[in-house]
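Asker: After the structure tokens below, expect a handful of questions from me.
The values are calculated or read from the model by the stated rules, or taken from the named source; none is laboratory data. Not measured: the values here are computed from a predicted model. Here the Cβ is made from the backbone with ideal geometry for all residues, glycine too, and neighbour counts use every protein chain on show.
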């Protein structure tokens, strides 16, 4: 069941969001508590635009919205090729370039999610560039291979292994 959301003017003249009960008569709600409550603007459950940090959180690229906000503020997210702010709006047709865990993502926005749902639902909100998927798989494989070549020790590295790690990481 969907609930309609309306905007109304309160007694001071400010705009207030009003979500009526499931059974609601528009004519009966024209006057409510002495304030005007008409249909100033109709809002649907899935708006045509959403904040970029919310979109990334809803589409499961980050586990929390604060992590998504930090990534956008840190310059790891671009909308249509331009660096953006967490409050910037994403709409259908936008192209999002994202770097997460040193891996690139290029996404074309196809839908605006209404909530943070299951992964299958989130995947329907974007299309990935196939070239970037192959590049990301190659990078992941290279990182795995790189870790396989690192010297192994049981527990804490000894003096010789620690020097090998330092040499390897510097150059």
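Here is a yes/no grid of residues against (1) surrounded by 13 or more Cβ atoms within 10 Å (Cβ to Cβ); (2) under 22 Å from residue 47 (Cα atoms); (3) at pLDDT below 95:
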position	(1), (2), (3)
62	yes, yes, no
87	no, yes, yes
103	yes, no, yes
136	yes, no, yes
141	no, no, yes
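Asker: Follow-up. Please list, ordered by first then second residue, the pairs with beta carbon atoms under 9 Å, 6 or more apart or interchain, first in region 55-83 and touching a residue at least 60 places away in the same chain (Cβ under 8 Å), second loosely packed, with under 12 Cβ neighbours inside 10 Å and not in a helix (DSSP H, G or I).
Answerer: Going by the 9 Å Cβ cut-off, the qualifying pairs are 58/115; 60/118.
Asker: Quick check: is even one residue across region 156-165 outside the structural domain of residue 54 (by TED's automatic domain parsing) and touching a helix residue (DSSP H, G or I) at 6+ places or on another chain (Cβ under 7 Å)? Explain how you work it out, then say what you get.
Answerer: If we filter region 156-165 for residues that are outside the structural domain of residue 54 (by TED's automatic domain parsing), which is where we start, we get 156-165.
Next, from what is left, pick out any that are touching a helix residue (DSSP H, G or I) at 6+ places or on another chain (Cβ under 7 Å): 157.
Among the residues of region 156-165, at least one is outside the structural domain of residue 54 (by TED's automatic domain parsing) and touching a helix residue (DSSP H, G or I) at 6+ places or on another chain (Cβ under 7 Å), which makes the answer yes.
Asker: Six or more apart or on different chains, Cβ under 6 Å: which pairs go from a residue in region 99-124 that's on the phi < 0 side of the Ramachandran plot to one that's part of a helix (DSSP H, G or I) and at pLDDT 95 or above? Could you list them?
Answerer: Matching pairs, first to second residue: 113/58; 116/58.
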